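Here's the structure we're looking at; comments come further down.
Here, each number is a calculation from the coordinates, and none is a lab measurement. None of these values were measured; they are calculated from a predicted model. Using ideal geometry, Cβ is built from the backbone for each residue, glycine included, and neighbour counts are taken over all protein chains shown.
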Amino acid sequence: MSNQAERGGLWEPSRQVGRDIWGSVFRRGLPTTDKVAARTVLTNFFLHIHPVRVKKSAIRFSYSFCLGGLSFFLFLLLTVTGIFLMFYYVPSTDQAYQNIQGLQSGSPVGAVMRNLHRWSAHAMVIVVWLHMVRVFYQGAYKSPRQFNWTIGTALLVITLLLSFSGYLLPWDQLSVWAVTVGTNMAKYAPFLGPFTRYVLLGGPNVGQGTLIRFYVLHVAVLPLIGILFMVIHFWRVRKDGFTGGL
Ligand code: HEM
C-alpha cells in the first residue's frame, strides 16, 4: 500500500478515481479570470453555443424579448407533450377521433397534455412570427446575417407545416375539412399542383393514406428537418455575433 494510501487511508484510491472522473467532466473549476472564462466557454459542449463576449445591450431583455429562445422552448414543450400523446394516439381513421376524445375526457393528465400541445402549437406560430418581426425591425437580417434570415424563413415554413400536419390528426370534422381546403389550394399551384395534392393525400380524397402521411410528417420528418435548421440557425447566431442594437 503506497504512502499516499496510508496517509489518506483506505478511501484515498477511490477518492482519486472520483477526482479523476470529476476532472474529466469539469476540465476547469469556476473561472477566476477572463482568460479561463473564455477557455471554459470555448471548450464546453453546452456553453460553446454562446459567444465568449457579447455586447451588454444584446443581453438586455428588451432587445430580443427572448423570442428566439421562447420559440425553441415551445418546440421542446411540443416535443415532450407530443411524445406523451404518441403513447396513446393511433393514426387510423377508425381510432384517431376516439383516441383524442378518450384523452380529452378519459384521463386528467391526457387532457392537460393534449391542450398544452395544442395551445403551445398556436403560441409557437405567433412567437416565431414576432421573432421574425423583431429581427426585421432591428435590421438584424443585414450582412452578415442574410443566410441566417433565410434559414429563419425556412424555420417559419416548417413551423406552419407542423401546425397544418398536426391539425388533421384529431380526425374531426374541423380538421378533415381544413385539410381538404388546404390541399385543394395546393392543387392550383402551376405544373406540380395536382401531383403535390395527390402525394399529400395519398389518394384522390382525404382518407387513411392522408392520415398516416400527415402523422409521419408531423412526428418525424418535419421535427427532424426543424432540428437540423435550428442547429444551423443557432450556430449562425453564434458565428455572426449577436447584433445587440445596431
Ligand atoms: C423555430 C423557429 C426559430 C427559432 C427557434 C429561432 C431561434 C433564434 C434564437 C435563439 C436567436 C438568438 C436570440 C434571439 O433573438 O432570441 C435567433 C436569432 C435570429 N433569428 Fe431566429 N429563430 C427562429 C425563427 C426565425 C425566423 C422565422 C427568422 C426570420 C425569418 C429568424 C431570423 C433570425 C436572425 C436573423 C437572428 C439573428 C438576430 C441578431 O443577431 O440579432 N429566426 N433565432
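General remarks:
- Counting only alpha carbon atoms, the long axis of helix 34-43 and the longest principal axis of the chain meet at about 50°.
- Kirkwood hydrodynamic radius of region 185-246, Cα pairs, Å: 14.4 Å
- Look at the dipole of the chain built from charges on Cβ: of Ser64, Gly102, Gly9, the Cα furthest out on the positive end belongs to Ser64.
- Cα-based equivalent ellipsoid of the chain: semi-axis lengths in Å, sorted from largest, via gyration tensor: 45, 28, 16
- The angle between the Cα long axis of helix 173-187 and the longest principal axis of the Cα atoms of the chain comes to about 90 degrees, rounded to the nearest 10.
- Rounded to the nearest 20, the size of the Cβ-charge dipole of the chain about its Cα centre is 1080 debye, with Lys and Arg at +1 and Asp and Glu at -1.
- In region 109-246, Rg over Rh equals 1.04, where Rg is the alpha-carbon radius of gyration and Rh the Kirkwood radius from pairwise Cα distances.
- Taken over the chain, lysine pairs spaced eight or more positions apart, or on distinct chains, with alpha carbons under 29 Å apart number 8.
- Ranked by how many other beta carbons lie within 10 Å on average, peptides 206-219, 99-112 from highest: 206-219, 99-112
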